[in-house]
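The structure appears below as structure tokens.
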Amino acid sequence: MAEPVAAAGAPARSRGVRGSPTLGIGVATGYLSLIVLLPLAALIWQSGKGGSHSFWPAISSPEAVSAIELTLVASVVVAAVNAVAGTAIAWVLVRDRFPGKGIVNAVIDLPFALPTVVAGLTLLALYGSQSPIGINIAFTRTAIVLALLFVTLPFVVRTVQPVLKELDREMEDAAASLGAHKLSIFRRIIFPNLLPAILSGVALAFARAVGEFGSVVLISGNLPFKTQVASVFVFSQIESDDIRGAAAVSVLLLVISFVILLMIGAVRRWATRHDV
Amino acid sequence: MGIAVRDVSKRFGKFTALEAVSVDVPSGSLTALLGPSGSGKSTLLRVIAGLERPDTGEVILDGENVTGRPPQRRGVGFVFQHYAAFRHMTVYENVAFGLRVRRHPRREIRERVEELLHLVQLEGLAKRYPAQLSGGQRQRMGLARALAVDPSVLLLDEPFGALDARVRKELRRWLRRLHDETHTTTLIVTHDQEEAMDVADQIVLMNHGRVEQAGGPRDLYEEPANEFVMGFVGPVNRIGEAFIRPHDVELLLEPAGDCQEAMVERLVHLGFEVRVELVRGDGEQLSVQISRDEAERLELERGQIVYVRPLRQRVF
Amino acid sequence: MSRYGLRFAALAYLAMLLLVPLGMVFWRTFEHGFWPAFHAVTAPDARSALWLTVLIALIVVPLNTIFGVVCALAIVRGRFPGKGIVNAVVDLPLALSPVVVGLALLLLYGRLGWLGPWLGSHGIKIIYALPGMVLATIFVSLPFVVREVVPVLREIGTEQEQAAATLGASRFQIFRRVTLPAIRWGVAYGVVLTTARALGEFGAVSVVSGHIAGKTETMTQYVQAQYEGFNTSGAYAASVVLALLAVITLLAMTLFRRKEET
């Protein structure tokens with residue numbers, strides 16, 4: 001009978017129930033290391049191999065800066081739009097009733113289910129050069145924002161929905177009985193409770209937008225300094241064999257992703273501070 | 001035989017749940033592990049079951065030292081406070097589980113399960129899922145499931161704690177009758193002293209991880225080992241160093257013998273008894289319980305001065 | 001009537017962003033009839049692409065499912081230092097750009113990578129071949145089963161497993177008869193998400209595949225190649241296939257989500 005990993009603090013469960021979990025933990029960490037950590041380690045190492053005097057020029061070349069700037073601005077815009085639109089959609093899905101609501105609810109997940117390159121293509125079909133409604137935004141920055149809105153749609157909706165569902169309606173009744181009108185109730189009661197979920201969703205949407213590639217690559221035309229986002233820039237650097245340059249910008253994107261992950265964790269902890 | 005626990009200690013981090021606890025549960029008896037929250041009674045039960053490992057000490061079941069064994073090999077039946085029902089299985093499959101993992105033949109399983117469902121009065125519900133049962137029904141299922149594998153020892157962890165008062169009373173009486181039929185060594189954890197007194201042959205009263213006293217219900221009530229035991233198993237008054245039960249007090253209109261003066265603050269009519277709440281000169285409160293007839297004879301009213309004489313008292 | 005206003009605005013947003021564009025693709029594909037589209041999608045390169053995509057999914061999904069369940073069990077029931085790090089690493093693929101993932105793999109297994117020389121001398125091809133594409137797809141679709149199973153495991157608690165132990169079940173029997181059935185809808189939902197992600201993977205796979213049409217080109221890459229080669233009907237037809245798979249995914253998601261909630 002193998003010994004279980006020693007308990008620390010929390011009530012210990014007899015080994016008879018759990019047996020030897022160390023094998024499972026070993027397998028899990030081994031798989032994670034091989035698949036995720038090792039390649040990322042290689043990336044970070046190789047990007048720094050040339051020393052800071054090759055790293056810095058790589059991420060401060062005009063093309064790189066332009067791409068990073070465009071990416072960040074577009075992502076912020078998209079995050080902001082999602083904060084409003086996502087909350088509104090979640091509200092309609094939770095509080096409103098109409099025929100076909102179930103279908104609409106399922107459709108929200110379409111961007112998760114649809115390949116990104118197909119998403120880009122569908123937007124091109126309606127808003128591109130052969131648009132039946134005469135809107136042609138292909139190869140513009142608007143197109144980038146549109147594509148990012150498509151792929152980030154579910155994030156805020158799906159983080160806000162369960163919170164809205166669980167919201168204690170009695171709080172709103174109490175506020176009403178104390179004289180608050182609807183807008184006031186939203187502002188003082190509902191919104192503060194939704195804020196952590198909205199922020200969480202916004203952070204996820206932002207992280208996704210910053211790294212998005214497939215939906216943007218067709219619709220934006222990848223015009224350097226005009227419509228080239230960071231991920232496409234990295235891709236073109238790889239194709240022209242400037243691996244160092246690609247690696248440098250990638251590490252920057254990696255750091256941004258990591259910071260956002262930490263922020264999401266912090267938001268989650270902050271959100272549950274009032275939980276009984 | 002039965003259950004023997006020797007010098008068991010268990011700590012969770014800084015918290016000592018059990019401290020050198022030794023208990024003997026006679027074979028075939030129904031023993032209650034009684035105590036307030038945090039007294040260690042559930043932990044002790046789980047150590048006996050093998051669901052927790054003690055830091056020191058031994059557990060001996062039916063003469064065999066099972067301290068190193070996992071729960072699978074101890075022959076214990078365990079009933080959980082919140083039922084631990086297998087949600088995805090029907091009532092039948094829940095009860096049959098222990099027999100299925102031992103690979104008993106299907107016909108034997110069917111007979112045994114039907115016998116048990118009859119015993120716990122859940123016939124006809126075999127195909128239902130736990131979510132479709134009431135709390136009391138789920139717990140009876142839990143009992144049937146534990147009994148299915150013929151355990152030598154039955155352990156119940158606050159089995160009626162999640163049920164409402166009326167169901168609780170019904171089920172504990174029912175459990176006692178079941179025990180009288182099967183004579184399985186049974187150990188039940190409860191924080192409700194009324195439940196323990198009602199149902200058990202022997203009570204082990206615990207506090208802060210230690211055994212305060214073990215004995216029959218009458219022993220604990222009439223010969224409490226210390227202040228804690230006396231106060232836990234029933235209401236108690238304290239006059240100086242002496243501890244006195246509300247029933248063991250005589251009320252007099254004139255002072256006589258060793259008595260104390262007190263004023264009647266409140267009369268609570270409890271059907272055929274009256275609880276007289278008194279306050280002494282020094283502000284100490286007393287609670288005395290007398291029959292309705294006695295209260296009428298004394299013509300008690302609020303504000304009246306009476307004399308309190310203890311008939312029986314204990315000093316520790 | 002602000003309720004109707006909000007409802008209209010939300011539905012209009014969804015329609016103009018998601019539904020109408022998707023409808024356009026279907027329309028454009030079948031605009032000239034069913035058969036031209038069918039021919040476009042059964043062209044040899046399209047068929048190889050579809051086969052390759054399915055093959056990768058068939059490898060990736062079972063691996064990530066097994067890992068997902070094991071990892072979820074370790075995170076919820078295990079006790080070891082660094083559990084928070086494991087949790088964070090599992091979430092990483094969701095926050096990373098796929099192109100960065102591809103580059104990382106390139107810098108590990110490629111010609112210039114850490115293992116490049118060793119792999120080269122042993123004649124093992126990872127980059128620009130199937131193994132590289134499989135590794136990239138495993139990376140990006142890694143988190144889904146774990147993240148779906150973890151909350152389910154937390155919710156059911158350990159009591160049922162303890163009860164099974166007292167009833168005599170061995171560790172394996174407990175897992176098979178109690179734990180696994182309790183998490184099955186979480187696993188199913190996670191498998192659906194993993195499959196959808198694997199089928200739709202584009203960025204990482206583009207970096208490591210070498211785009212050799214008919215050999216190392218997945219369906220998504222085929223769509224891009226067709227579009228950039230001005231064969232829009234081919235691109236649309238392939239997109240329709242992928243979109244239909246997405247719709248099936250959505251149906252499965254809705255179904256399993258409902259089962260998970262009961």
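No lab work stands behind these numbers, since they all come straight from the coordinates. The model shown is predicted, which means the values in this text are computed figures rather than measured ones. Glycine also receives a Cβ, built like all others from the backbone with ideal geometry; neighbour counts cover every protein chain displayed.
Descriptive notes on the structure:
- Across segment A:141-175, the residues whose backbone nitrogen lies under 20 Å from the label position 7 Å along the beta-carbon direction of residue A:226 are A:141-148.
- Our Cα-only numbers for segment C:70-143 put the radius of gyration and Dmax at 15.1, 43 Å.
- Here the calculated FRET efficiency for residue C:38 and residue C:111, from their Cβ-Cβ distance with R0 = 41 Å, stands at 0.50, rounded to the nearest 0.05.
- Were the residues from residue B:198 through residue B:82 laid out at 0.36 nm apart, the gain over their Cα-Cα distance would be 39.5 nm.
- Angle of helix B:135-147 to the longest C-alpha principal axis of chain B, folded into 0 to 90 degrees and rounded to 10: 60°.
- Once C-alpha pairs closer than 8 Å and six or more residues apart are averaged by separation and normalised to the residue number of segment C:109-201, the relative contact order reads 35 percent.
- Taking the fewest neighbouring Cβ atoms within 10 Å as the starting point, the ordered list for B:107, B:210, B:140 is B:107, B:210, B:140.
- Using the Karplus relation 6.51 cos²θ - 1.76 cosθ + 1.60 with θ = phi - 60°, the per-residue 3J(HN,Hα) values for segment C:45-61 come to 5, 5, 5, 4, 4, 5, 4, 4, 4, 5, 4, 4, 4, 4, 7, 5, 5 Hz, with x marking Gly and Pro.
- Inter-label distance, residue B:24 to residue A:270: 6.3 nm, where each label sits 7 Å from its Cα along the C-beta direction.
- By the count of neighbouring beta-carbon atoms within 10 Å, fewest first, B:27, C:239, C:2 end up ordered C:2, B:27, C:239.
- Once the C-beta distance of residue A:255 and residue C:176 is scaled by a Förster radius of 60 Å, the resulting FRET efficiency is 0.85 to the nearest 0.05.
- Segment B:123-215 - share of DSSP beta bridges that are antiparallel (%, nearest 5): 50 percent
- Taking every C-alpha pair closer than 8 Å and separated by at least 6 residues, the mean separation divided by the residue count of chain B gives a relative contact order of 18 percent.
- Shape class of segment B:269-316 from the Cα gyration tensor (axes a ≥ b ≥ c, square roots of the eigenvalues): oblate, since a/c reaches 1.5 or more and a/b does not exceed b/c.
- Equivalent ellipsoid semi-axes - Cα gyration tensor, segment A:22-174, angstrom: 36, 28, 17
- Applying the criteria of a DSSP loop state and at most 13 other Cβ atoms within 10 Å to the GluC sites (Glu not before Pro) of segment B:263-312 yields B:299, B:301.
- Nearby lysines by direct alpha-carbon distance to residue B:14 (threshold 28 angstrom, same-chain neighbours under 8 apart not counted): B:41, C:83
- Sorting A:272, C:137, C:249 from the fewest to the most surrounding beta carbons within 10 angstrom yields A:272, C:249, C:137.
- In degrees, nearest ten, helix B:165-182 long axis to first principal axis of chain B (Cα): 60 degrees
- Rounded to 10°, Cα long-axis angle of helix C:232-261 versus longest principal axis of chain C: 20 degrees
- Residue-by-residue Karplus 3J(HN,Hα) for segment C:195-200, coefficients 6.51, -1.76, 1.60, Hz, glycine and proline x: 4, 4, 5, 5, 5, x
- Which of C:143, C:204, C:69, positive extreme of dipole for segment C:22-261 (C-beta unit charges): C:69
- Evaluated at q = 0.13 Å⁻¹, the base-10 log of the normalised Debye intensity for chain B, with identical point scatterers placed on the Cα atoms, takes the values -0.95.
- For residue B:17, nonlocal amide neighbours, meaning residues 5 or more places apart or on other chains whose placed amide H falls under 5 Å from its own, are B:10, B:11, B:12.
- Dividing the summed helix terms, -39500 (n - 2.57) for each DSSP H run of n ≥ 4, by the number of residues in chain B produces a 222 nm estimate of -8500 deg cm²/dmol to the nearest 500.
- Residue A:142-residue A:183 pseudo-label distance in nm [points 7 Å out on the Cα-to-Cβ vector]: 3.1 nm
- Net length gained if the chain between residue A:173 and residue A:56 were fully extended (0.36 nm per residue, minus Cα distance): 36.4 nm
- At 1.002 mPa s and 20 °C, Stokes diffusion of segment C:1-159 via Kirkwood alpha-carbon radius, µm² per second: 107 µm²/s
- Remark: segment A:24-38, residue by residue, has Karplus-estimated 3J(HN,Hα) of x, 5, x, 4, 4, 5, x, 4, 4, 5, 5, 7, 9, 5, 4 Hz, where x stands for each Gly or Pro and the curve is 6.51 cos²θ - 1.76 cosθ + 1.60 at θ = phi - 60°.
- Residue-averaged [θ]222 nm for chain C, counting only DSSP H segments that reach four residues, each worth -39500 (n - 2.57): -24500 deg cm²/dmol
- When shorter helices are ignored and each DSSP H run of at least 4 residues is given -39500 (n - 2.57), the per-residue value for chain A at 222 nm works out to -23000 deg cm²/dmol.
- By the Stokes-Einstein formula, at 0.692 mPa s and 37 °C, segment A:59-137 with its Kirkwood radius over alpha-carbon pairs has D equal to 209 µm²/s.
- Overall dimensions of segment A:122-276, expressed as equivalent-ellipsoid semi-axes from the Cα gyration tensor (√(5λ), whole Å, largest first), are 40, 22, 10.
- Applying a DSSP loop filter and a limit of 10 other Cβ atoms within 10 Å to the trypsin sites (Lys or Arg not before Pro) in segment B:241-312 leaves B:302.
- If the chain linking residue C:228 and residue C:30 were pulled fully straight, counting 0.36 nm for each residue of separation and taking away their Cα-Cα distance, it would gain 69.3 nm.
- Loop trypsin sites (Lys or Arg not before Pro), segment C:155-221 (other Cβ atoms within 10 Å of the site Cβ: 15 or fewer; DSSP): C:215
- Extents of segment C:22-261, largest first, come to 66, 49, 27 Å (Cα atoms, principal axes, whole angstrom).
- Cα centroid of segment C:184-248 to Cα centroid of segment B:228-274, whole Å: 85 Å
- Debye-sum result for chain A in log10 I(q)/I(0), which assumes one identical scatterer on each alpha carbon, at q = 0.07, 0.09, 0.12, 0.15 Å⁻¹: -0.38, -0.61, -0.95, -1.17
- Largest-first principal axis extents of the Cα set of the protein assembly as shown (Å): 114, 67, 61
- Its relative contact order, with pairs defined as Cα atoms under 8 Å and 6+ residues apart, puts segment C:123-262 at 32 percent.
- The simple Förster model, with R0 at 51 Å and r as the Cβ-Cβ distance, assigns residue B:107 and residue B:252 a FRET efficiency of 0.10.
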